Amino acid sequence: ASQADAADVVLVNHSGYVINELYISPCSLGQWGPNQLYGTPVESSRSLVVSSLAPGCYDLKVVLPPWNSCVLNGAAVYKNFVWTITWSTVTESAFEDCSRTARTVTVARRPWLPPWPPY
């Protein structure tokens, strides 16, 4: 994406745990790319920006201790998209149900149209 049109994903960690894995994939790709946090863990009360993405629809996955994951399908990323991970997200991932956490859904669900429900 050109610098003027580029989009950013901001991962905000308020979980109380260190996050070591974040994956970002275009909605239509159907597979995860590389770990965006490789070598750069996000400590609790910190954030990290993945920048220079082409604006569009993305699936996001974060792996939370101890190796549970939450997936956000169909995120509309057009400028600064912020995904905040909280203690509640960690708890729900342990039960393999992130569907009650705002703007997250389980892996089994696919993007909806429009890419986000009205809140």
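The values are calculated or read from the model by the stated rules, or taken from the named source; none is laboratory data. In this text the structure is predicted, and so the values were computed from the model without any measurement. Every residue, glycine among them, receives a Cβ derived from its backbone with ideal geometry; neighbour counts consider all protein chains shown. SASA here: full protein model, heavy atoms, side chains in, ligands and nucleic acids out. Shrake-Rupley method; radii C 1.70, N 1.55, O 1.52, S 1.80 Å.
If the condition is being out of contact with any strand residue (DSSP E or B) (no Cβ under 6 Å at 6 or more places or on another chain) and hydrophobic (A, V, I, L, M, F, W, C), then the stretch 13-56 contributes V18, L29, A54. Look through the stretch 70-88, keep the residues that are of a type in the set (S, T, N, Q) and modelled with pLDDT of 90 or more, and return whichever of them is farthest from A4 (Cα to Cα). Residue satisfying both the conditions and the ranking: T86. Count of the stretch 6-35 residues, restricted to those that are over 14 Å from the mean Cα position of the chain (by Cα) and open to solvent by 70 Å² or more (accessible area, probe 1.4 Å), is 5. Would you confirm whether or not the stretch 24-40 contains a residue that is β-branched (V, I, T) and at pLDDT 80 or above? Checked against the condition, which is being β-branched (V, I, T) and at pLDDT 80 or above, the stretch 24-40 yields at least one hit.
Which one is nearest to A94 (Cα to Cα) among residues in the stretch 36-60 that are of a type in the set (D, E, K, R) and without any contact (Cβ under 8 Å) to a residue 40 or more places away in the chain? Filtering first and then ranking leaves E43. Within the stretch 36-60, restricting attention to residues that are under 13 Å from the mean Cα position of the chain (by Cα) and over 11 Å from L11 (Cα atoms), which residue is surrounded by the most Cβ atoms within 10 Å (Cβ to Cβ)? So the residue we want is Y58.
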